[in-house]
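Here's the structure we're looking at; comments come further down.
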Amino acid sequence: MTDSPQDDVILAEGAKAAPIEALKDKGPMAPPRSKWRDVWEQFRKHKGAMMGAFFLFFITFGVLIGPYLWTLDPQALDIRNKDMRPIYTAIWNSEADVGWNHPLGSDQLGRDNLSQLIAGGRASMAVGWAAMLLSLIIGTGVGVMAGFFKKLDGPLMRLTDLFLSLPILPLLLVAVTLFRQPLRANFGPEGGMFILIVTVVGITSWMPTARIVRGDVLALKEREFVLAARSIGTQPFKIIKRHLLPNVLSPIMVSATLGLATAIITESALSFLGVGFPSDFPTWGKMLADAVARMEDFPERVLLPGVAISLTVLGVNYLGDGLRDALDPRIRGR
Amino acid sequence: MLTYAIRRLVLSVPTLLFISFVIFMLLQLAPGDPMAQVPLTVPPEVKQKMREALGVGEPALVQYWKWLVQVFWTEPKVFIDWLTRDSFLLGWLPDTNLYQGELRVISWQTRSPVMDIVLQRIPQTLWVVGLSYVVGVLIALPIGIYSAYRQYSVFDQAGTFVTMVGFSIPPFFTGPLLIVIFSVYLGWFPSIYDTTHVVNDWESFKYQLSQMIMPVMVLALQTTAQLSRYMRASMLDNLNQDYVRTARAKGLSEAVVVMVHVLRNSMIPVITVIALGVPAIFGGAIITENVFKVNGIGQLLITALFANDLPMVMTLTFIFAFLIVMFNLIADILYGLLDPRIRYD
């Protein structure tokens with residue numbers, strides 16, 4: 001610094017005083033940090049979000065590798081060992097019918113509760129992730145189109161308003177009861193039902209994402225970098241892919257968590273009302289519905305799937321809360 | 001404002017028509033046959049006549065038109081007749097006698113007009129759902145206000161946790177859980193809602209209260225979870241504004257600052273959220289009504305769906321859509337009325 005001639009002049013006038021404190025370079029500054037590392041630092045501070053994320057991964061991996069660890073077939077009938085209680089019942093009731101062959105007990109047909117819980121979790125999580133992805137794709141597509149192309153804005157937003165004023169749960173019930181038969185005939189009882197529920201939940205839950213994405217795109221496309229991209233002749237779809245989508249990633253991620261929670265709850269609600277997967281195919285909602293009739297004698301059969309649903313959704317909601325805080329640059333760093 | 005309200009009202013007519021058309025076309029694809037229960041000995045030509053009597057033989061568009069006429073022309077006439085003949089409010093008017101025995105929307109299950117059945121079911125739904133909404137709002141507002149005022153306090157953290165839990169636990173789990181705890185183990189409340197119960201003295205009133213408490217609480221938990229979060233966020237937005245500092249600086253008491261200045265301004269978005277939530281709670285009540293065996297309109301929809309009673313399903317779904325569109329409209333107008341900064345025209 002002192003090598004340059006201007007500095008010499010200033011120093012000469014300031015009677016050899018030390019350079020101004022704020023202008024002194026004290027060694028190299030910290031290297032620039034990437035945005036995602038900042039996000040991660042902020043996210044780690046949110047205890048609830050960390051626990052939620054941990055629980056979500058625990059459940060996901062549990063249902064993925066669970067069937068290989070606990071190999072009992074969830075649909076196998078073991079009528080001699082029916083109506084067994086979970087192993088922990090033995091702590092307060094020494095006469096309870098418990099055994100290590102069914103650690104969480106068995107139901108009225110002797111199907112193992114633990115393997116049913118794992119299989120049910122597989123179904124619920126698969127439906128949740130698939131429906132969430134579908135609604136994200138539709139919502140982002142509609143939102144970006146409406147925000148970027150002025151001509152499409154009016155019609156697409158009217159469509160969104162229309163979908164928002166549909167009565168979702170009654171329509172879900174109607175659609176599922178009506179299209180069950182043909183889809184089952186084409187894709188088998190489980191595959192058909194999976195396709196149906198994922199499609200129906202996806203089609204009816206994309207509207208909030210579309211609205212948020214449209215708002216963000218409307219603001220982004222007036223910014224200079226989009227103008228610059230346009231002025232060097234970038235195609236509209238390239239602009240969307242390279243410049244707009246990465247910038248709307250944060251609201252999309254937040255609405256993805258909300259979408260996962262709603263999809264899991266909707267699937268369980270449909271199963272609970274008896275219009276979901278076929279009766280021998282376990283899902284959390286169906287286990288809960290089947291157990292309600294016997295909950296006086298076997299409360300654990302209501303509690304286990306119910307707690308599983310609630311904890312998963314709670315974890316996802318906390319994850320979303322933490323993500324929202326971590327991705328918001330105004331909150332980050334405080 | 002008035003022009004805006006009228007414009008929105010006019011615009012809601014095509015919206016409702018489109019929604020009803022979509023629902024109707026969806027139901028046209030239904031594989032069920034209303035004649036499936038008729039014995040095989042009935043000859044086909046008689047079956048065809050029965051089908052036409054139910055209105056199924058015609059092309060879809062003709063059926064849709066007839067349904068529209070029945071719902072928007074015949075049913076209002078019946079309603080006006082009832083108003084001027086039997087109702088307490090307008091019964092003094094001369095009987096209008098508009099309804100001349102035209103065909104109304106007939107349920108395939110009971111062969112009686114759909115609207116009559118719906119009117120029988122609405123009081124139960126309104127009692128349970130309406131009361132739960134009021135209870136939910138009354139619980140949510142103080143929680144939201146206090147947790148915003150003492151942000152990051154123990155109360156706020158606990159409140160946030162409870163609202164998160166209320167958000168996450170679905171009603172089909174809280175319902176059975178409450179039944180197991182309070183009607184099976186403790187035996188305090190009945191698990192089934194008795195709709196035939198008549199309230200005429202103190203004892204029966206207490207019974208009515210005890211049978212309503214659980215469904216109302218299950219629904220109120222959902223409402224509370226949502227609303228208190230909105231209330232908290234809205235209060236937090238306002239608490240840091242300049243006018244609050246001015247109000248404190250000129251020596252107003254803390255109670256007046258929070259409960260008058262801040263509260264009135266933060267209620268604006270919350271009131272619209274309250275209005276928007278009314279139709280949603282009707283939809284959510286389907287599950288709660290099913291759990292507690294309340295025979296309201298949600299339970300009616302489920303039974304009609306399983307019995308393949310298409311006119312009933314159609315009319316009920318349309319009623320839900322109507323409620324949503326109307327309350328969206330009410331919310332938008334309320335927002336403009338309450339906040340003078342918002343001008344629609």
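The values are calculated or read from the model by the stated rules, or taken from the named source; none is laboratory data. Bear in mind that the values here come from a model prediction, so they are computed numbers and not experimental data. Quick reminder, even Gly has a Cβ in these numbers, built from the backbone with ideal geometry, and neighbours come from all protein chains shown.
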Take A:Arg33 and decide whether it is modelled with pLDDT under 80, of a type in the set (Lys, Arg) and either over 17 Å from A:Ala308 (Cα atoms) or within 17 Å of the chain's Cα centre (by Cα) (or both).
yes
Any residue in region B:236-246 that is outside any helix (DSSP H, G or I) and more than 23 Å from B:Ile287 (Cα to Cα)?
yes
Could you say whether any residue in region A:119-130 is within 14 Å of chain B (Cβ to nearest Cβ), of a type in the set (S, T, N, Q) and under 16 Å from the mean Cα position of the chain (by Cα)?
yes
For region A:90-107, enumerate the residues that are touching a residue at least 24 places away in the same chain (Cβ under 8 Å) and either surrounded by fewer than 15 Cβ atoms within 10 Å (Cβ to Cβ) or not in a loop (DSSP other than H, G, I, E, B) (or both).
A:Ser106
Matching entry among B:Ser168, B:Ser132, B:Ser183 (being under 26 Å from A:Leu288 (Cβ atoms) and at the interface with chain A (Cβ under 8 Å from one of its Cβ atoms)):
B:Ser168
Which condition breaks for B:Thr317 when tested against (1) in contact (Cβ under 8 Å) with a residue 12 or more places away in the chain; (2) among the hydroxyl-bearing types (Ser, Thr, Tyr); (3) more than 10 Å from chain A (Cβ to nearest Cβ)?
(3)
For B:Val69, state whether it is farther than 20 Å from B:Phe318 by Cβ, without any contact (Cβ under 8 Å) to a residue 12 or more places away in the chain and more than 23 Å from the chain's Cα centre (by Cα).
no
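Condition first: among the acidic types (Asp, Glu) and within 13 Å of B:Ser228 (Cα to Cα). Now tell me which residues in region B:112-167 satisfy that.
In the first step, residues of region B:112-167 are kept if they are among the acidic types (Asp, Glu); the result is B:116, B:156.
Selection gives B:Asp156 alone.
Quick grid of which residues meet (1) outside any helix (DSSP H, G or I); (2) within 14 Å of another protein chain (Cβ to nearest Cβ):
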site	(1), (2)
A:Gly110	yes, no
A:Ser135	no, no
A:Thr140	no, no
A:Val144	no, no
A:Val174	no, yes
Would you mind stating whether B:Gly277 is within 13 Å of chain A (Cβ to nearest Cβ), crowded, with 19+ Cβ neighbours inside 10 Å and assigned to a helix (DSSP H, G or I)?
no
Search result, residues across region B:280-298 that are over 13 Å from the mean Cα position of the chain (by Cα), crowded, with 21+ Cβ neighbours inside 10 Å and either more than 9 Å from every other protein chain (Cβ to nearest Cβ) or part of a loop (DSSP other than H, G, I, E, B) (or both)
B:Phe292, B:Val294
Just checking, how many residues over region B:2-26 are more than 11 Å from chain A (Cβ to nearest Cβ), under 22 Å from the mean Cα position of the chain (by Cα) and β-branched (Val, Ile, Thr)?
1
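Mind listing whichever residues of region A:279-299 are within 30 Å of A:Gly191 (Cα to Cα) and not small (Gly, Ala, Ser)?
Residues satisfying the conditions are A:Asp280, A:Phe281, A:Pro282, A:Thr283, A:Trp284, A:Lys286, A:Met287, A:Leu288, A:Asp290, A:Val292, A:Arg294.
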Note on B:Phe306: of the conditions (1) aromatic (Phe, Trp, Tyr); (2) within 14 Å of another protein chain (Cβ to nearest Cβ); (3) crowded, with 17+ Cβ neighbours inside 10 Å, unmet is (3)
Can you say whether B:Ile271 is away from every other protein chain (no Cβ under 14 Å), touching a residue at least 60 places away in the same chain (Cβ under 8 Å) and under 25 Å from the mean Cα position of the chain (by Cα), as far as the supplied structure shows?
yes
Mind checking which pairs have a first residue in region A:30-56 that is of a type in the set (Asp, Glu) and a second that is outside any loop (DSSP other than H, G, I, E, B), Cβ under 8 Å, 6 or more apart or different chains?
none
In region A:268-284, is there at least one residue being under 24 Å from B:Gln226 (Cα atoms), touching a helix residue (DSSP H, G or I) at 6+ places or on another chain (Cβ under 8 Å), polar (S, T, N, Q) and buried (at least 19 other Cβ atoms within 10 Å of the Cβ)?
yes
Going by what's in this entry, would A:Pro208 be described as free of Cβ contacts under 8 Å to residues at least 24 places away in the same chain and surrounded by fewer than 20 Cβ atoms within 10 Å (Cβ to Cβ)?
no
Residue check, A:Ser255 against (1) under 24 Å from the mean Cα position of the chain (by Cα); (2) surrounded by fewer than 18 Cβ atoms within 10 Å (Cβ to Cβ); (3) among the polar types (S, T, N, Q), all met but one. Which one?
(2)
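Here's the yes/no breakdown for (1) free of Cβ contacts under 8 Å to residues at least 40 places away in the same chain; (2) within 26 Å of the chain's Cα centre (by Cα):
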{"position": "B:Met115", "(1), (2)": "no, yes"}
{"position": "B:Val128", "(1), (2)": "no, yes"}
{"position": "B:Leu131", "(1), (2)": "no, yes"}
{"position": "B:Pro142", "(1), (2)": "yes, yes"}
{"position": "B:Phe155", "(1), (2)": "yes, no"}
{"position": "B:Gly175", "(1), (2)": "no, yes"}
{"position": "B:Tyr185", "(1), (2)": "yes, no"}
{"position": "B:Asp194", "(1), (2)": "yes, yes"}
{"position": "B:Trp202", "(1), (2)": "yes, no"}
Looking at A:Leu327, A:Leu303 in this structure, which one is touching a residue at least 60 places away in the same chain (Cβ under 8 Å), under 26 Å from the mean Cα position of the chain (by Cα) and buried (at least 17 other Cβ atoms within 10 Å of the Cβ)?
A:Leu327
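Please go through region A:181-202 and pick out each residue that is surrounded by 18 or more Cβ atoms within 10 Å (Cβ to Cβ) and in contact (Cβ under 8 Å) with a residue 60 or more places away in the chain.
A:Met193, A:Phe194, A:Ile197, A:Val198, A:Val201, A:Gly202
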